[in-house]
Amino acid sequence: MTLIQKVKERLDNLTKPVGSLGYLEDIVIKFAEITGKDEFKVPLRKVVFVFCGDHGVVEEGVSAYPQQVTMQMIYNFLRGGAAINVIARQVGADVFVVDVGTKSDIDEGNIPPESRGKYIKKKINYGTKNFVKEPAMSDDEAMLSIKVGEEMAEFAVRMNYDLVIPGDMGIGNTTPSSAIISFVTEQPPERVVGRGTGIDDSALKKKISVVSTAIQKWKPHNALSALRYFGGYEIGAIAGLILTCVRRNIPVVVDGLISLAGFCIAYSIDPKVKDKVFFGHRTAEPGGGVALSYFGIRPILDLDMRLGEGTGGALASAVIETALRIYNEMATFSSAGVSKSKSN
């Protein structure tokens, strides 16, 4: 009997009609496939890596917020005041902030003492270039961004985390993410580009034009070159995180638009990652829906969220953990003295 057959047999022998827990049972099977285990300890040790970077393309007026908000939000994360901090406390996840390319350097003296170990400086450069005018990053920078994600995955291994959630922060980062997803899925920018931070109709039209012009200008030959042309550092880091976690048999819960762009890069390098990660939620950003449809993916949640930070992935981690707890703790027909159905 294979490992997966063993897991399915236990699921079918729990005190319920066969298959009646639906997608929760699929989650357990997938967790077993990823980890190579048929026994799971809960609660899971979970970690969120919020990769932070700035984007030169904000010069084109594609965001409703000024670029300094990226750095301000880093302080907010480290003080525990952001949405991801609240959700992480609820689901029992640690949050690390990884600076891969913000325009400024944080004043580490302003980090609360209890959070100083949660800030990781891996700065590749002080923001990407404006990809309307020049490639967002060099080939070396693109590979360095992927390497940062690989390093964070190895950190998760050393710290014995059971579940990894990529998050992001970077004013303007829905623009390069949309460009990458539009390129990979071969869908027109009009279908992919959304309002991001809440831009008005005029800015949305500009954003669509920026993405369309850049794709036509640079004509990437694959998703890895699209990362170089469009950015950003946090997208590359998410790709590296996914690739290494899959290789190390650690489950990943992909978040929203930016994480999906990182997934597109990872998939272009190793298509096997598609079946080795969870997809946390269906973001309200249209590009997220386009990507999920293109890959034929079913997300765990659909809450009309579009925040990023890893919030949707963190929320979905609670569903994953619940599915594993059911598998561990629910009685079987024999242990409970309950009669099986005649069809069993």
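Among the residues of segment 251-273, how many are over 17 Å from Y233 (Cβ atoms) and open to solvent by less than 10 Å² (accessible area, probe 1.4 Å)?
Final tally of qualifying residues: 6.
Residues A214, A226, A291: which one is surrounded by 24 or more Cβ atoms within 10 Å (Cβ to Cβ) and within 16 Å of the chain's Cα centre (by Cα)?
Every option except A291 fails the conditions.
Taking the residues in segment 179-193 that are surrounded by fewer than 24 Cβ atoms within 10 Å (Cβ to Cβ) and either among the hydroxyl-bearing types (S, T, Y) or not in a helix (DSSP H, G or I) (or both) as candidates, determine which candidate is nearest to the chain's Cα centre (by Cα).
Across segment 179-193, the extreme among qualifying residues is T185.
Kindly provide the set of residues from segment 1-42 that are touching a residue at least 12 places away in the same chain (Cβ under 8 Å), among the β-branched types (V, I, T) and farther than 20 Å from V252 by Cβ, ordered by number.
T15, V18
Take segment 194-211 and flag every residue that is small (G, A, S), open to solvent by 30 Å² or more (accessible area, probe 1.4 Å) and assigned to a helix (DSSP H, G or I).
Hits for segment 194-211 are S202, S209.
Please state which one of G109, G101, G92 is open to solvent by less than 60 Å² (accessible area, probe 1.4 Å) and modelled with pLDDT under 95.
Exactly one residue qualifies, and that residue is G109.
Being of a type in the set (A, V, I, L, M, F, W, C) and in a loop (DSSP other than H, G, I, E, B) is the filter here; which residues of segment 158-178 pass it?
Listed by number, the residues that qualify are M159, I171.
Restricting attention to segment 268-290, does a residue exist that is among the basic types (K, R), touching a strand residue (DSSP E or B) at 6+ places or on another chain (Cβ under 8 Å) and not in a helix (DSSP H, G or I)?
yes
For the condition more than 26 Å from A318 (Cβ to Cβ) and either open to solvent by less than 10 Å² (accessible area, probe 1.4 Å) or touching a Cys at 6+ places or on another chain (Cβ under 9 Å) (or both), what is the one hit in G232, G280?
On inspection, the qualifying residue turns out to be G232.
Residue check, S334 against (1) open to solvent by 70 Å² or more (accessible area, probe 1.4 Å); (2) in a loop (DSSP other than H, G, I, E, B); (3) of a type outside the set (A, V, I, L, M, F, W, C), all met but one. Which one?
Answer for S334: the failing condition is (2).
The values are calculated or read from the model by the stated rules, or taken from the named source; none is laboratory data. In this text the structure is predicted, and so the values were computed from the model without any measurement. Virtual Cβ from ideal backbone geometry, glycine too; neighbours counted across all protein chains shown. Ligands, DNA and RNA are excluded from the accessible area calculation, which covers all protein heavy atoms including side chains. Shrake-Rupley method; radii C 1.70, N 1.55, O 1.52, S 1.80 Å.
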